[in-house]
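Report on the structure given below.
The values are calculated or read from the model by the stated rules, or taken from the named source; none is laboratory data. These numbers come from a predicted model, not from an experiment. Neighbour counts run over all protein chains shown; Cβ positions are idealised from the backbone, glycine included.
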Amino acid sequence: MKKNDSSLYQSLIVGDFAGEGDLIQLITDDEEDEQARLENYAEDIPILSVRNTVLFPGVVIPITVGRQRSIKLVKKAHKGDKMIGVCAQINPNNDDPGWDDIYHVGTIAKIIKMIVLPDGNTTIIIQGKKRFKIRETITEEPYFQAKVDYLDETFPEGNKQITALEESLKEAAAKILQLNPEIPREAQVALDNIDNTAFLTHFLSSNINAPVEAKQKLLEINDGLDRATLLLEYMMKDIQMLELKSEIHKKVHTDIDQQQRDYFLRQQMKVLQTELGEEGPEKEVEELRLKGRKKKWPEEVGKHFEKELDKILRVNPSAAEYPIALNYAELMVDLPWNEFTKDNFDLKRAKEILDKDHHGLEKVKDRIIEYLAVLKLKNDLKGPILCLYGPPGVGKTSLGKSIAKALGRKYIRMSLGGMHDEAEIRGHRKTYVGAMPGKIIQNMKKVQTSNPVYVLDEIDKLSADFRGDPSSAFLEVLDPEQNSSFVDNYLEVEYDLSKVLFIATANSLESIQPALRDRMEIIEVTGYTMEEKVEIAKKHLIPKQRKEHGLKAKDISFDKAAIVKIIEGYTRESGVRSLERQVGTVIRNVAKSIAMEEDYQKKITPEMVRKILGGEMFDKEIYQDNSVAGVVTGLAWTSVGGEILFVESSLSKGKGKLTLSGQLGDVMKESAMTAMSYLRSKADQLNIDSRVFDQYDLHVHVPAGAVPKDGPSAGITMLTALASLYTQRKVKAKLAMTGEITLRGKVMPVGGIKEKILAAKRAGIKDIILCKRNQKDIEEIHERYVKGVNFHFVDNVNEVLELALLNQKVDHPMKFTFEDNQKSVQA
């Protein structure tokens, strides 16, 4: 400080240079500095630990002392020479620090004034004198005391580099004062009057906006040049931060001004549009209001719509909420509310359309005609929820389109395969960005009628994940008692789906959750017979493929034997998808010949089919002669229709081991064990020597070995095969059977009867044994499909064996030998 500036001598400047909190800075003159240099400080001094503060030589700061240890130290020192050592705490949150918790480089200070506050705390004003380093700790109680070494600074005066650094520090400080309006203007006066580079460094180091660690680093540097350089680096970072804050503040202020300007211009534009008669937001809202008044929606919905329009008028058109509110209102007026297409009640015409589009499927057609008949009589009927269940390719989806045509209604199809987000059914809430209604409401908006035929395709292939469970969301949609008040999350008001004719399709019922399955009327769509496939190919597939490949009726025709050849040799399915593909292959071959102007045969024969499609892909299932004991023909259901399978069994000398092969599932394995246990318990009645079970190994095999097999249908087949093997009696020729057994010998019913019967007939089977409770399934099959087959309905295993096993044994019966009392006995 200049000596002639007495007004600033030992004056207190209140305010933190970097805006960190209130500190008091005392600026000393050259005489004070000289006196400090001449003073000899004690080697043993008390140490005061302070939080969030680093004291520099020449700087005055106030400190509030609250800890008992610190109060004792301050009072003792104030009564003595008033000199204390000040060290910063490493962790400011530590209320009881030890020697390891404080920095070991600090500043010795003089207590200028002590004030005891009413709350018991003591405030002292201290001035830093000289830096020191703790050499040896003496004690912690009743306060810290240590031996110290005082540190001298090297700060060359008159050096050009020092002069440049001093100017740079003052310029940086002036810049900070300019950028930070919270610092008092008096600070600039103080800076201008400091001409001691060492004190300037201490003054600025104490007031920079930096953490305690950074300030402590400055205190510990002995070289004044290095300390000033590092200080300048910290100040430049502070300047950059203050400039960035200032820039952000200006930008925000500019944005607010821009919004006010835009609002003013928009208000002017609104007035101009009104004068010119041009359309504005009010015009859009008024048009929506007029459309809403024409809607046949419930009164509550109308009130809700009016409230939404009033909200739109209160929203600024430039706000993000405006287009969301407008889109919502447009959706409401675009949805069909009690707007119906007129049903065509000509039942004969409906039946003709269904018969024309689909061959067979009598059960489904009858159900649709029944629905139409009741609707015609009552003129008001909730839409049933039908579920067409059956193998792929039997026409479930296309049947929905035919039903829509027969009723004269509009048609919607929604594919559910792989859907895993519940919001696709119920929609998103309007609060989300990009919210939209669910597919149900979207499709209703698209079709513009409240009573369409709505096909929910592949309902068994819904999946679930963290987004929700779509199948549970369908519980409301597909419940005739609830869907009259369906609520979409986006729409927020009740929407009536009760007049919609929902038709779901599924390949398997097992994957549909029970609650959802309970809400639907399950109609099984079974596979087609050979005769039905031939008719479908003639009436639908061949004309369709011919048209798609650009041919005319005169260009190609199919012999019935050729169609049968394709069905038997190149397809194995319940439906007709593969059949259509093979027909398309044949027609493409003909189309190629016509395009290349080659000679070709217009009538397709079996020989041509083999030439075009190559060798047969599948062998026709035929009955095999049961001349060997232990071989029985069974009936099985597969996803592509019914099949016959053979259960083979053989005995070999051993210890009664049971071996099962042919990739049998758990159910079939258990059937074999049950049959074995039953035969053991009834050995005497069946004239079986019980020793055979213990002294012969049994092997049961179901070809083909590469094809996995499972299900309850093979129970009586397994039992008959084993009974035939153990008794060495033949099985009746051209006989097949299906049914499950119990340990008591009861025969249980099984499913898939129609497919199994058709497979048996194709294979040339004449007699079929079934459970008596499966008789109802036979009555549902058209008589032309079961003509020439004799059915035998049984209740217990004894009836099965009586019907299946012949009295005479095989031509070369197996000779059983048993080890009994060390003697070999031949049976």
Condition check: under 23 Å from ARG519 (Cβ atoms) and touching a Gly at 6+ places or on another chain (Cβ under 7 Å). Does GLU370 satisfy that?
no
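Each row is one residue, and each column tells you yes or no for (1) acidic (Asp, Glu); (2) in a helix (DSSP H, G or I).
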| residue | (1), (2) |
| --- | --- |
| GLN161 | no, yes |
| ALA164 | no, yes |
| GLU167 | yes, yes |
| LEU191 | no, yes |
| ASN209 | no, no |
Candidates ALA406, ALA373 - the one that is surrounded by 19 or more Cβ atoms within 10 Å (Cβ to Cβ), aliphatic (A, V, I, L, M) and not in a loop (DSSP other than H, G, I, E, B)
ALA406
Any residue in the range 760-781 that's buried (at least 18 other Cβ atoms within 10 Å of the Cβ) and among the polar types (S, T, N, Q): show its pairings with residues that are part of a helix (DSSP H, G or I) and modelled with pLDDT under 90 at Cβ separation under 8 Å, as long as the two are six or more apart or on different chains.
ASN774/ILE753
Boolean, ASN93 is in the same structural domain as PHE56 (by TED's automatic domain parsing) and under 60 Å from the mean Cα position of the chain (by Cα)
yes
What number of residues within the range 679-714 satisfy the criterion of being under 14 Å from GLY662 (Cβ atoms) and among the basic types (Lys, Arg)?
1
State whether one or more residues within the range 450-462 are exposed (fewer than 15 other Cβ atoms within 10 Å of the Cβ), assigned by TED's automatic domain parsing to the domain that holds CYS387 and in contact with an Asp or Glu (Cβ under 8 Å, 6 or more places away or on another chain).
no
Any residue at all in the range 593-610 that is in contact with an Asp or Glu (Cβ under 8 Å, 6 or more places away or on another chain), without any contact (Cβ under 8 Å) to a residue 12 or more places away in the chain, outside the structural domain of HIS782 (by TED's automatic domain parsing) and assigned to a helix (DSSP H, G or I)?
yes
Given the conditions (1) free of Cβ contacts under 8 Å to residues at least 40 places away in the same chain; (2) within 27 Å of the chain's Cα centre (by Cα); (3) under 28 Å from ASN379 (Cα atoms), which single one is not true for GLU481?
(2)
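Scan the range 127-161 for residues that are of a type in the set (A, V, I, L, M) and buried (at least 18 other Cβ atoms within 10 Å of the Cβ) and report the count.
Taking the range 127-161 as the starting set, the residues that turn out to be of a type in the set (A, V, I, L, M) are 134, 138, 146, 148, 151.
Those still in the list that are buried (at least 18 other Cβ atoms within 10 Å of the Cβ) too: 134, 146, 148.
Residues meeting the conditions: 3.
Scan the range 639-653 residue by residue and report those that are modelled with pLDDT under 85, buried (at least 19 other Cβ atoms within 10 Å of the Cβ) and of a type outside the set (D, E, K, R). Before the answer, list the steps.
Within the range 639-653, the first condition is being modelled with pLDDT under 85, and the residues that meet it are 639-644.
Those still in the list that are buried (at least 19 other Cβ atoms within 10 Å of the Cβ) too: 641-644.
The answer is GLY641, GLY642, ILE644.
On the basis of being out of contact with any Leu (no Cβ under 9 Å at 6 or more places or on another chain), at negative phi and crowded, with 16+ Cβ neighbours inside 10 Å, does SER557 make the cut?
Numbers: out of contact with any Leu (no Cβ under 9 Å at 6 or more places or on another chain): yes; at negative phi: yes; crowded, with 16+ Cβ neighbours inside 10 Å: no.
Spelling it out, it is not the case that SER557 is out of contact with any Leu (no Cβ under 9 Å at 6 or more places or on another chain), at negative phi and crowded, with 16+ Cβ neighbours inside 10 Å.
If you go through the range 442-492, how many residues are of a type outside the set (Lys, Arg) and part of a loop (DSSP other than H, G, I, E, B)?
Step one: of the range 442-492, the residues of a type outside the set (Lys, Arg) are 442-444, 447-460, 462-466, 468-492.
Applying the additional criterion that residues be part of a loop (DSSP other than H, G, I, E, B) yields 448-452, 458, 462-464, 466, 469, 478-482, 488-492.
Residues flagged as of a type outside the set (Lys, Arg) and part of a loop (DSSP other than H, G, I, E, B) within the range 442-492 amount to 21.
Condition check ((1) under 24 Å from ILE412 (Cβ atoms); (2) more than 24 Å from the chain's Cα centre (by Cα); (3) at pLDDT below 85; (4) among the hydroxyl-bearing types (Ser, Thr, Tyr)) across all residues:
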residue	(1), (2), (3), (4)
TYR490	yes, no, no, yes
ALA506	yes, no, no, no
ILE512	yes, no, no, no
LEU516	yes, no, no, no
GLU531	no, yes, yes, no
